[in-house]
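A.B. asks: There's a structure below that I have some questions on.
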Amino acid sequence: MEAILSRSATYLFLLFGFIALGGAASMVFARNAVHSVIGFLVAMLAVAACYLTLQAEFLGVAQILVYAGGIVVLFLFVVMLVELTKFKEKRLFQIQTPWAVATLLVAVAAFGGVFWKTLFGPAAVEPLTLRPELAEGLKVAEQNAQALSRGLYADFLLPFEILSVILLVALVGAVVLAKTERV
Amino acid sequence: MVPMNAVLLLSFLLFALGVAGVLIRRNALIILMCAELMLNAANLNLIAFARHSGTPAGQAFALLVMGLAAAEVAIGLAIVVALYRKKDTVQVDDINLLKG
């Protein structure tokens, strides 16, 4: 039973990983901005599912609430607001696209080399998976929300409070930036 | 148990797609979405390593990053709307002046 659960988590992770990659690719390459936003939504939901298979239930739900519920709706509002249809006949990509793609391919090749070496080189004596004795007694997986709240409110209380101030400043700043008449 | 390599590879590919989008797209909205995608890829890594170490610290980081991403989107979209009112465009290569 345990083995079946563990293996199905891997398969689900791979499935949702491919969905996330497809959503992200359609976001980057879609012609219509609304299609881009839909691709973004698909990618975010698939990443939330990946969080679930990684035993981060609280973060998976938070991802759905924050991204699918908040950010995507905000993006859709702005897409409607700025009336993108009149840009449609113009070109999609920037002038430096060939150079950017070439640079990115070099970076991907460099990272891929490192990754390949780590995977199959002589240094990889054991695969990078979680050893069961490391998680013993902590139960981050079973009591995810409790463990996370202890991490957040005991160990990282100050960053959390700073984040709430940042959110407040961002909200006020967004209102000031987006309103029409200046004070 | 999901193998670490798969998580790292997925996170890397998502990040690369985000970088590609930021570098090649002209639409400021899509550039903003690609930046969000990069933050998500980093979050995936944080969560994978949190599971690897068996502590909730990485997940707490990921939650903080999520909050920052929300703040970034609010500010970024407000800037896009203000820019559209001012310049009547959201294509980044039409926006080449520092003064408003």
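A.B. asks: Taking the Cα-to-Cβ direction at A:Arg91 and at A:Ser26 and moving 7 Å from each Cα, how far apart do the two end points lie in nm?
C.D. replies: For A:Arg91 paired with A:Ser26, the spin-label model returns 2.7 nm.
A.B. asks: From zero outward in steps of 10 Å, how is the percent of C-alpha pairs of the protein assembly as shown spread across the bins?
C.D. replies: Whole-percent P(r) values from 0 Å outward: 6, 26, 32, 23, 10, 3, 0.
A.B. asks: Across every pair of different alpha-carbon atoms, what Kirkwood hydrodynamic radius in Å does chain B reach?
C.D. replies: After inverting the pairwise mean of 1/r, the radius is 15.1 Å.
A.B. asks: For the range A:1-88, state the semi-axes of the equivalent ellipsoid (square roots of 5 times the eigenvalues of the alpha-carbon gyration tensor), sorted largest first and rounded to whole angstrom.
C.D. replies: Sorted largest first and rounded, they come to 31, 15, 5 Å.
A.B. asks: Of B:Tyr84, A:Leu5, A:Leu152, which is farthest on the positive side of the dipole of the protein assembly as shown, counting Cα position, with +1 on Lys and Arg Cβ, -1 on Asp and Glu Cβ, and the Cα centre as origin?
C.D. replies: B:Tyr84
A.B. asks: By count of other Cβ within 10 Å, fewest leading, how are A:Arg7, B:Arg51 ordered?
C.D. replies: A:Arg7, B:Arg51
A.B. asks: Full-extension gain between A:Trp116 and A:Lys179, please, as 0.36 nm times their residue separation minus the C-alpha to C-alpha distance.
C.D. replies: 17.6 nm
A.B. asks: Something else: Sorted from largest to smallest, which semi-axis lengths in Å does the alpha carbon gyration tensor of the range A:139-183 give for its equivalent ellipsoid, taking the root of 5 times each eigenvalue?
C.D. replies: Largest first, the range A:139-183 gives 36, 11, 4 Å.
A.B. asks: What FRET efficiency comes out for B:Val92 versus B:Ser53 if R0 is 51 angstrom and r is the Cβ-Cβ distance? Round to the nearest 0.05.
C.D. replies: 0.80
A.B. asks: Under the definition of partner shielding as Cβ atoms of other protein chains within 10 Å of a residue Cβ, what is the mean value for peptide A:3-11?
C.D. replies: 1
Readers should treat all values here as calculations from the given coordinates under stated rules, not as data from a laboratory. Worth saying up front: this structure is predicted, and the values here are computed from it rather than measured. Neighbour counts run over all protein chains shown; Cβ positions are idealised from the backbone, glycine included.
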